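Student: Below you will find the structure I want to go over with you.
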């Protein structure tokens, strides 16, 4: 389990309601359940999914607006950050 300190912009975005169905929306809901204040916990599997979704699904919607969060996830998980 990894823990990331969220800044105010990341926290504001991650706390928005998640609409619709899909893999990324399901991931955001799971992450919301694991957030305590400004601390975001996530598993290795979730970290990999964050990076995969951000690199394979382009710059739209959720995926394109959280580059700093994606970078933090990559760093804490010891994974390569996707190119943006």
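Student: Out of the range 1-42, which residues are over 20 Å from residue 67 (Cβ atoms) and out of contact with any strand residue (DSSP E or B) (no Cβ under 7 Å at 6 or more places or on another chain)?
Tutor: Correct list: 17, 19, 20, 21, 22, 26, 29, 30, 33, 36, 37.
Student: May I pose another question? Pairs under 9 Å by beta carbon, first residue assigned to a loop (DSSP other than H, G, I, E, B) in the range 29-42, partner surrounded by fewer than 11 Cβ atoms within 10 Å (Cβ to Cβ), six or more apart or different chains?
Tutor: 34/1; 38/8
Student: May I ask you to list the residues in the range 1-28 that are without any contact (Cβ under 8 Å) to a residue 24 or more places away in the chain, more than 12 Å from the chain's Cα centre (by Cα) and not in a loop (DSSP other than H, G, I, E, B)?
Tutor: Within the range 1-28, 8, 12 meet the criteria.
Student: Step by step: first the residues of the range 31-78, then only those that are over 14 Å from residue 6 (Cβ atoms), in contact with a helix residue (DSSP H, G or I) (Cβ under 7 Å, 6 or more places away or on another chain) and modelled with pLDDT of 85 or more, then the one that is surrounded by the most Cβ atoms within 10 Å (Cβ to Cβ). Which residue is that?
Tutor: Per the criteria, the residue is 47.
The values are calculated or read from the model by the stated rules, or taken from the named source; none is laboratory data. Computed from a prediction, not measured in an experiment: that's the story for all the values here. Heads up, the Cβs are rebuilt from the backbone with ideal geometry, glycines too, and the neighbour counts pull from every protein chain shown.
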